[in-house]
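*Asks:* Below is the structure I would like to discuss, written out as C-alpha cells.
Throughout, read-outs are computed from the coordinates displayed, never taken from laboratory work. Note that this is a predicted model, so its numbers are computed, not measured. Don't worry about glycine lacking a Cβ; one is built from the backbone with ideal geometry, like all the others, and counts go over all protein chains shown.
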2 protein chains.
Amino acid sequence: MDYEKKELKKKSQSLSDWYTDVVLKAELADYGPVRGTMVIRPYGYAIWENVQAAFNKMMKNRKEGAIRNAYFPLFIPYSYLKREKEHVEGFSPELALVTIGGGEELKEPLVVRPTSETIMYEMYAKWIKSWRDLPVLINQWNNVVRWEKRTFLFLRTLEFLWQEGHTAHATEDEAIQIALEVLEWYRQIYEDYLALPVLVGIKSDSEKFAGAKSTWAVEALMPDGKALQGATSHNLGQNFAKAFNINFQDKDGDIKYVWQTSWGLSTRSLGGMFLSHGDDHGLIIPPKVAPFKVAILPIFGSRDEEILEYAKRVANEINNIEKSNYPGEVVIFDNKEISFGRRVNDAEIKGIPLKIEIGLKELEGETLTLSNRVEPSSKKEVPLAKIASFVEEELGNVQNLIFSRAKKFLEENITEVDSYDEFKRIMKTKRGFIKAYWCENSACESKIKEETKATTRVKLLSEKEGSGKCILCGKKARFKWIFAQSY
Amino acid sequence: MDYEKKELKKKSQSLSDWYTDVVLKAELADYGPVRGTMVIRPYGYAIWENVQAAFNKMMKNRKEGAIRNAYFPLFIPYSYLKREKEHVEGFSPELALVTIGGGEELKEPLVVRPTSETIMYEMYAKWIKSWRDLPVLINQWNNVVRWEKRTFLFLRTLEFLWQEGHTAHATEDEAIQIALEVLEWYRQIYEDYLALPVLVGIKSDSEKFAGAKSTWAVEALMPDGKALQGATSHNLGQNFAKAFNINFQDKDGDIKYVWQTSWGLSTRSLGGMFLSHGDDHGLIIPPKVAPFKVAILPIFGSRDEEILEYAKRVANEINNIEKSNYPGEVVIFDNKEISFGRRVNDAEIKGIPLKIEIGLKELEGETLTLSNRVEPSSKKEVPLAKIASFVEEELGNVQNLIFSRAKKFLEENITEVDSYDEFKRIMKTKRGFIKAYWCENSACESKIKEETKATTRVKLLSEKEGSGKCILCGKKARFKWIFAQSY
C-alpha cells in the first residue's frame with residue numbers, strides 16, 4: 001500500500017485512461033524498461049497463480065488421462081519455424097532473434113519462442129514411435145515473446161505469460177475431442193473464475209491459428225463494445241506431423257502420422273477481467289481468483305489495542321472457511337498513519353471483494369460491519385460467531401453477482417442483424433457482437449473488416465444450420481457468424 | 001513408459017555415463033535442439049513442482065511478512081548491466097543478446113536475463129520512496145540464460161529454471177537476517193526434501209556473487225567426491241542501491257540508500273539429487289518430492305480382471321493418506337504387453353519409492369506384497385486393511401533412510417588436514433571436502449586451485465575462530481575453510 005492519496009481516473013469518463021491508471025495504482029503491474037514489456041507485481045501475479053491452480057486441477061483430474069506439465073527451451077533454431085509454411089508466415093513479423101551468444105556471433109539466429117509448436121514437435125518426433133506412446137498429453141507454463149508495436153498492459157505486451165498445451169493422438173477424432181474438452185475448460189476459467197461470460201465457437205479460415213486445420217475460441221465482450229479473444233484451442237490436423245515427421249507404427253502395423261492439438265490461455269485473460277468488472281472506485285476482483293478475499297479495517301480512536309486484537313481474532317475465524325473454493329488471504333489494513341477513509345479507498349482500488357469495519361461499536365457488541373465491493377448499500381451487522389459462514393456465503397454471492405452483471409451486459413450487446421446498413425450503424429455506435437449470415441467467402445469477410453473494422457469472431461458451437469443470405473453479398477449463407485471489432 | 005527393454009549403464013562403473021543414461025531413460029529430461037539446452041519432461045518437471053510448492057510455502061508462511069511472487073521481463077537493456085561494475089564483469093562472457101526484433105535491428109541490444117538484479121532494481125528505485133515502502137519482499141520463478149559451453153543435464157545448462165528472491169530493507173541487519181533465514185530454507189529443501197545433507201557457510205571474496213558484499217551457500221557432496229553448490233543467498237549491501245539510486249526517506253527525515261539481498265535455487269538441485277541417490281538399477285527419488293509414491297504391479301496369469309480391480313481398490317486406499325507430507329500419485333503399471341520383470345525394471349529406473357505386487361496369492365488372502373526402492377530385502381506381506389498406514393510409515397522410513405545414507409557418505413568424506421601434501425594427496429584420490437586453515441589471502445586460494453583444482457567452498461556458519469597456520473603459506477590463519485573440487 002502506498003501512503004499518498006491516490007486519485008483514480010474515472011472509468012465512466014475514459015475506459016482506457018481509467019484502465020491504465022487502475023492497473024498501475026492497484027499495483028497489478030507496471031511498465032518494464034524495454035518498450036512493450038510489463039512487470040507483473042505481486043498483487044497481479046497472485047491472481048495469475050490462482051488461475052494456474054484452477055487450470056492445473058482441470059488438467060490433472062482429466063478422467064481419460066492427466067495432462068502433465070513440462071518445460072521446453074526458450075530458444076528455437078530459426079530453421080524450425082520455416083518447416084510449416086503458414087506457421088512461419090504468421091509469426092515472422094513478430095520475432096525476437098538472438099544473434100550473439102557468449103560473445104560470439106551465432107551461425108544460425110535463435111528465435112525467442114513466440115509459441116512452442118516447432119521445438120516441441122521436434123522432440124515429439126523423437127519420442128513417438130508406436131501407438132503405445134500415444135496419446136502424448138503435455139502442457140507448459142512459460143513466457144513467450146511477440147514483437148508488438150502498440151502495447152496495452154496485460155492485453156497486449158511484447159512478452160507475456162501463458163500455458164500452451166500440446167497433444168498428439170492416433171486419430172483425428174481423439175484430437176478434436178480433447179481440443180473441445182480444453183475449450184470447455186477455458187469457458188469455465190472465464191465464466192466460473194474470472195466471472196466473464198464468453199461466446200464459444202469456431203474461427204473462420206482467415207482468423208485461425210497459423211498452421212492449424214481449425215481453431216476454436218472463447219470470446220468475451222469488453223465495456224467499450226469490443227471483443228477480446230479469450231483463449232484458443234487448435235486442431236492442428238497432420239500439418240505439423242508432416243512437417244516434423246512425427247509418425248508411429250499403429251496396431252495394424254502401418255506407419256501413420258499423428259493428429260495434434262495445441263491450445264493456450266495467457267495473462268491477457270486478466271486484462272479482460274480488470275477492464276470488465278471495475279468501476280470509478282477501482283478494480284472489482286471476483287472472489288474465486290482474488291488474492292485477498294476480505295479487507296479488515298480497524299477504526300482507531302480509543303481502545304485501539306483491543307480493536308486490533310479483535311481484528312486478528314476475526315481474521316483467524318475467517319481463515320477457517322473452506323479455502324479450496326476461495327483461495328486467498330484475509331488482510332488487515334491497520335496502518336494508523338493512514339486515515340480510515342484512505343484505507344477504504346485502497347481496499348476499493350484493489351477490488352477486494354469484502355470489507356469488514358471494526359470500531360468501538362463492533363468491539364463492544366462482538367459484531368462486525370460487513371459490506372461487499374459490488375453493492376454500495378450492502379452494509380450489514382454480523383455477529384462474530386457467524387462471521388465465517390457469512391463470509392463464505394457472501395463470497396459466493398459476490399462471485400455470482402459480478403458474473404450476472406457481466407452476463408446481462410453481454411446479452412444486451414448481441415444484435416442479430418439482417419441488413420448491412422444496420423451492421424454498419426451498430427459498429428459505428430454501440431458496437432458489441434453482431435450475429436449475421438455470412439457466405440463464408442473470405443472476400444466478404446475482408447470487405448466487412450475494411451469498412452467496419454469488425455472481423456468474424458466465431459461461429460457459435462450451438463449454431464444450427466439455417467438458410468439465409470450473406471449480410472454483404474446477399475448470396476446463399478448456411479450459418480450465422482459472430483462479428484465484432486476486437487482488441 | 002517405453003515398451004522396449006531398457007538396459008541401464010552401471011553407476012558402479014561410470015558415474016557420468018550412468019547419470020546421462022538414467023536421466024534420459026527415466027524420462028526426466030532430454031537434450032534440446034540448441035546445444036546446451038534441455039527439455040524437462042513431465043516426470044522431471046513434477047519433481048520441480050514439488051520443490052516449488054515446498055519453497056512457496058516457506059516464503060508465504062514467513063512470520064515477519066510473506067515473500068510474494070511476481071514476474072519481471074525477460075529482456076534487460078544492455079546498459080543496465082553495466083551500472084554495477086563487478087556485476088557486468090561477472091556476467092558479460094555468458095550473455096545471450098537479442099539484436100533483431102520485429103524484423104528490425106535494435107538500437108541497443110537486449111540481454112536475455114542471466115539473473116534479474118538490474119531490471120528489478122530499476123523498478124525498485126521507482127517504487128521505493130519512503131521507509132513505509134520497506135521492506136520489499138519479492139520472489140520470481142522464471143527461466144534464465146547463461147551461455148555455457150560444456151553442458152550436463154540439469155547440472156549445467158544454457159537455460160535453466162530457478163527462483164530468484166530480491167528484498168530491500170531499511171537496515172543492513174534486517175537484510176542479513178533475511179539472507180540467513182533463506183539460507184536455512186535452502187538447507188531444509190536440500191536435507192528434508194531432496195534428502196541431501198549440505199554444508200552451510202559463507203563464501204570467500206573470490207567465490208562470492210558478482211556484485212555482492214557477501215554470499216552464503218549450501219554445498220552438497222556428489223558421489224565422485226566433487227562438491228555441488230546447491231543454492232546461494234547474497235547480502236548485496238548498498239552496491240546496487242547506489243548503482244540504481246534506490247533510496248528512501250527514513251523516519252528521521254534523511255534520505256538513505258536501501259540494503260538488499262538476492263538468493264536463488266535452481267533446477268540444478270534436482271541434478272544433485274539424481275546423481276547422489278541412484279544406483280545400478282536406476283534413480284531413487286525421495287518420497288517427499290517423488291511424483292509417484294507407489295508403483296502397483298499386477299501379476300497377470302489368471303483372474304486378471306479381479307486382480308486389476310483389486311489393484312484399483314488398493315490405489316484408492318492409499319490415496320487416503322495425508323497428501324501434504326507426501327504429495328504425489330499412486331501409479332498402476334498394468335500394461336499386459338509388458339512382462340512383469342520389465343515393469344519392475346521401469347519402476348526401479350524411475351526410482352519410485354514403494355512397490356506393491358498383486359498376484360493370485362495377494363488377491364485370495366486380501367494382502368499385498370510391499371517393498372521399497374532402497375532396501376533390496378524389504379519385501380513384506382501387508383493386510384489390505386492396513387495398507388494406507390503402512391505406506392505412510394514406509395514413506396517416512398524411506399525418506400529417512402535415503403538421507404541417513406547420504407549423511408554417512410558426507411561425514412566420511414570431510415577430512416581435516418594440516419599439511420598441504422596430505423591436501424594434494426586427498427584431492428588426487430578420494431577427494432571430498434577438506435577442512436583446513438587458510439589465511440584468507442586470495443593468492444593462496446588461487447594457487448591451491450591451480451595445483452589441486454580445489455576451491456574454497458565455504459567457511460561453515462558453525463566455525464569458531466581458532467589459531468592455526470595457512471595450509472599453503474603457513475602464515476597465521478584464524479579460521480578453517482572447506483575446500484573441494486566442484487561441479
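*Asks:* Name the residue farthest towards the positive end of the dipole of chain A from the options A:194, A:114, A:396, assuming +1 on Cβ of Lys and Arg, -1 on Cβ of Asp and Glu, about the Cα centre.
*Replies:* Toward the positive end, the furthest listed residue is A:114.
*Asks:* Please report, largest first and rounded to whole Å, the three semi-axes of the ellipsoid equivalent to region A:414-484, where each semi-axis is the square root of five times an eigenvalue of the C-alpha gyration tensor. Intermediate results must be reported in sequence, preceding the final value.
*Replies:* Numbers: eigenvalues 58, 36, 23 Å².
For region A:414-484, the semi-axes come out at 17, 13, 11 Å.
*Asks:* While we're on this one: So, in Å, what gap is there between the alpha-carbon centers of region B:169-191 and region B:12-67?
*Replies:* Between the Cα centre of region B:169-191 and that of region B:12-67, the gap is 23 Å.
*Asks:* Could you go through region B:20-33 in sequence order and give the Karplus-derived ³J(HN,Hα) for each residue, using 6.51 cos²θ - 1.76 cosθ + 1.60 with θ = phi - 60°, rounded to whole Hz, and x for Gly and Pro?
*Replies:* Working through the residues one at a time gives 4, 4, 6, 4, 6, 6, 7, 6, 6, 7, 8, 6, x, x Hz.
*Asks:* Just want the ordering: B:178, A:100, from fewest to most Cβ atoms lying within 10 Å of their own Cβ.
*Replies:* A:100, B:178
*Asks:* Need one number: nm distance between label points at residue A:313 and residue A:252, each 7 Å from Cα along Cα→Cβ, rounded to one decimal.
*Replies:* The answer from the label model is 7.5 nm.
*Asks:* Report, as an integer, the average count of C-beta atoms from other chains found within 10 Å of each Cβ along B:74-84.
*Replies:* Per-residue shielding by partner chains comes out at 3.
*Asks:* Two decimals is fine: what's Rg over Rh for the protein assembly as shown, C-alpha atoms, Kirkwood radius as Rh? Don't jump to the answer; show the numbers that get you there.
*Replies:* Numbers: Rg = 29.9 Å, Rh = 30.7 Å.
Across the protein assembly as shown, the Cα-based Rg/Rh ratio is 0.97.
*Asks:* Let me ask another. Given the alpha-carbon gyration tensor of region A:1-144, what are the semi-axes of its equivalent ellipsoid in whole angstrom, ordered largest first, with each equal to the square root of 5 times an eigenvalue?
*Replies:* On the way: eigenvalues 269, 121, 39 Å².
Largest first, region A:1-144 gives 37, 25, 14 Å.
*Asks:* Long-range amide H contacts for residue A:415: which residues qualify at under 5 Å (H placed 1.01 Å from N, peptide plane, sequence gap of 5 or more or a different chain)?
*Replies:* A:433, A:434, A:435
*Asks:* Work out the mean other chain Cβ neighbour count within 10 Å for the residues of B:362-371 and drop it here as an integer.
*Replies:* Going residue by residue through B:362-371 and averaging, the value is 0.
*Asks:* Please report, for residue B:486, the nm distances (one decimal) from its label point, 7 Å out from Cα along the beta-carbon direction, to the equivalent points in the remaining copies, shortest first.
*Replies:* 5.1
*Asks:* Hey, if you put +1 on the Cβ of every Lys and Arg and -1 on every Asp and Glu Cβ in chain A, which of A:300, A:43, A:76 ends up farthest toward the positive end of that dipole?
*Replies:* Ranked along the dipole, the leading option is A:76.
*Asks:* Could you sort out which of B:288/B:430; A:149/A:203; A:312/A:361; B:408/B:464; A:11/B:129 sit more than 20 Å apart by Cα distance in this structure? Working shown, then result.
*Replies:* Numbers: B:288/B:430 31 Å; A:149/A:203 25 Å; A:312/A:361 17 Å; B:408/B:464 23 Å; A:11/B:129 28 Å.
Pairs exceeding the cut-off: B:288/B:430; A:149/A:203; B:408/B:464; A:11/B:129.
*Asks:* If the label for residue A:416 sits 7 angstrom from Cα along the Cα-to-Cβ line, what are its distances to the same label in every other copy, in nm to one decimal, shortest first?
*Replies:* Those separations, rounded to one decimal, come out as 9.0 nm.
*Asks:* Could you sort A:241-249, B:334-342 so that the peptide with the highest average Cβ count within 10 Å comes first and the rest follow in order? Please report the intermediate quantities before stating the final value.
*Replies:* Numbers: A:241-249: 18.4, B:334-342: 13.7.
Sorting A:241-249, B:334-342 by mean packing, highest first, produces A:241-249, B:334-342.
*Asks:* Starting at the first residue of region A:179-190, write each ³J(HN,Hα) from the Karplus equation 6.51 cos²θ - 1.76 cosθ + 1.60 with θ = phi - 60°, in whole Hz, x for Gly and Pro.
*Replies:* Using θ = phi - 60°, the values come out as 4, 6, 4, 5, 4, 5, 4, 4, 4, 5, 4, 5 Hz.
*Asks:* Would you work out the charge dipole size for region B:132-232 about its Cα centre, treating the Cβ of every Lys and Arg as +1 and the Cβ of every Asp and Glu as -1, and quote it to the nearest 20 debye?
*Replies:* Working: 10 positive and 15 negative charges, 98 e Å.
The calculated dipole for region B:132-232 is roughly 480 debye.
*Asks:* Now a separate question. Whole-Hz Karplus ³J(HN,Hα) for region B:6-14, in order, using 6.51 cos²θ - 1.76 cosθ + 1.60 and θ = phi - 60°, x for Gly and Pro?
*Replies:* Karplus-based 3J(HN,Hα) across region B:6-14 equals 9, 9, 9, 5, 8, 4, 5, 9, 8 Hz.
*Asks:* Between residue A:53 and residue A:377, what FRET efficiency comes out of the Förster formula 1/(1 + (r/R0)^6) with R0 = 25 Å and r the beta carbon distance, rounded to 0.05?
*Replies:* Details: r = 33 Å, r/R0 = 1.34.
FRET efficiency, residue A:377 to residue A:53: 0.15.
*Asks:* Put a point 7 Å out from Cα along the line to Cβ at residue A:126; what are the distances to that point in the other copies, in nm, shortest first?
*Replies:* Those label-point separations list as 4.0 nm.
*Asks:* Grab the beta carbon distance between residue A:107 and residue A:385, set R0 = 56 Å, and tell me the FRET efficiency rounded to 0.05.
*Replies:* The computed FRET efficiency comes out at 0.20.
*Asks:* With a Förster radius of 35 Å, plug the Cβ-Cβ distance of residue B:131 and residue A:24 into 1/(1 + (r/R0)^6) and report the FRET value to the nearest 0.05.
*Replies:* My answer for the efficiency is 0.95.
*Asks:* Which translational diffusion coefficient, to the nearest whole µm²/s, is obtained for region B:290-396 from the Stokes-Einstein equation, given a Kirkwood hydrodynamic radius over C-alpha pairs, 4 °C and 1.567 mPa s?
*Replies:* 95 µm²/s
*Asks:* Quickly work out the residue B:63-to-residue B:364 label distance, labels modelled 7 Å from Cα along the C-beta direction, and quote it in nm with one decimal.
*Replies:* For the pair residue B:364/residue B:63, the computed spacing is 5.9 nm.
*Asks:* Now for a different question. Could you state the number of Å between the C-alpha centres of region B:129-145 and region A:70-131?
*Replies:* Centre-to-centre (Cα) distance: 32 Å.
*Asks:* Just the Cα atoms of chain B, one point each, no solvent: what log10 I(q)/I(0) does Debye give at q = 0.09, 0.10 Å⁻¹?
*Replies:* With one equal scatterer per Cα and no solvent, log10 I(q)/I(0) is -0.70, -0.85.
*Asks:* Okay, next question. Using unit Cβ charges (K, R positive; D, E negative) and no other charged atoms, how large, in debye to the nearest 20, is the dipole of chain B about its Cα centre? Show your work: numbers first, answer last.
*Replies:* Working: 70 positive and 70 negative charges, 266 e Å.
Charge dipole, chain B, about its Cα centre: 1280 debye, nearest 20.
*Asks:* Name the residues whose placed amide hydrogens come within less than 5 Å of the amide hydrogen of residue A:230, ignoring near sequence neighbours (fewer than 5 apart) on the same chain.
*Replies:* A:218, A:219, A:220
*Asks:* For chain A, find the longest principal axis of its Cα atoms and tell me its angle to the long axis of helix A:117-127, 0 to 90°, nearest 10.
*Replies:* Tilt relative to chain A: about 70 degrees.
*Asks:* Sticking with this structure for a sec: Once you sort the root eigenvalues of the Cα gyration tensor of region A:144-265 as a ≥ b ≥ c, which label holds: rounded (a/c under 1.5), prolate (a/b larger than b/c) or oblate (the other case)? Please list the in-between numbers first.
*Replies:* Details: a/c = 2.57, a/b = 1.81, b/c = 1.42.
Judged from the Cα gyration tensor, region A:144-265 comes out prolate (a/c at least 1.5, a/b above b/c).
*Asks:* Within a 10 angstrom radius of each residue's Cβ in B:137-147, how many Cβ atoms of other chains show up on average? Whole number is fine.
*Replies:* 3
*Asks:* Would you mind checking which residues have amide H under 5 Å from residue B:457's amide H? H placed 1.01 Å from N; only 5 or more apart, or other chain.
*Replies:* Those qualifying (amide H under 5 Å, at least 5 residues apart or on another chain) are B:482, B:483, B:484.
*Asks:* Rounded to the nearest 500 deg cm²/dmol, what is the calculated helix-only ellipticity per residue at 222 nm for chain B, with -39500 (n - 2.57) per DSSP H run of length n ≥ 4?
*Replies:* Computed mean residue ellipticity for chain B: -10000 deg cm²/dmol.
*Asks:* Which order do peptides B:348-356, A:476-484, A:47-55, A:250-258 fall in by mean Cβ count within 10 Å, highest first?
*Replies:* Packing proxy ranking, top to bottom: B:348-356, A:476-484, A:47-55, A:250-258.
*Asks:* Continuing with the same structure: I'd like the distance between the alpha-carbon centres of region B:210-234 and region B:417-487, rounded to an integer number of Å.
*Replies:* Region B:210-234 and region B:417-487 have Cα centres separated by 16 Å.
*Asks:* Just in region A:226-331: which GluC sites (Glu not before Pro) are loop by DSSP and have at most 16 other Cβ atoms within 10 Å?
*Replies:* A:322
*Asks:* Could you work out how much longer the chain between residue A:337 and residue A:12 gets when fully extended? Use 0.36 nm per residue separation minus the Cα distance between them, nm to one decimal.
*Replies:* 113.9 nm
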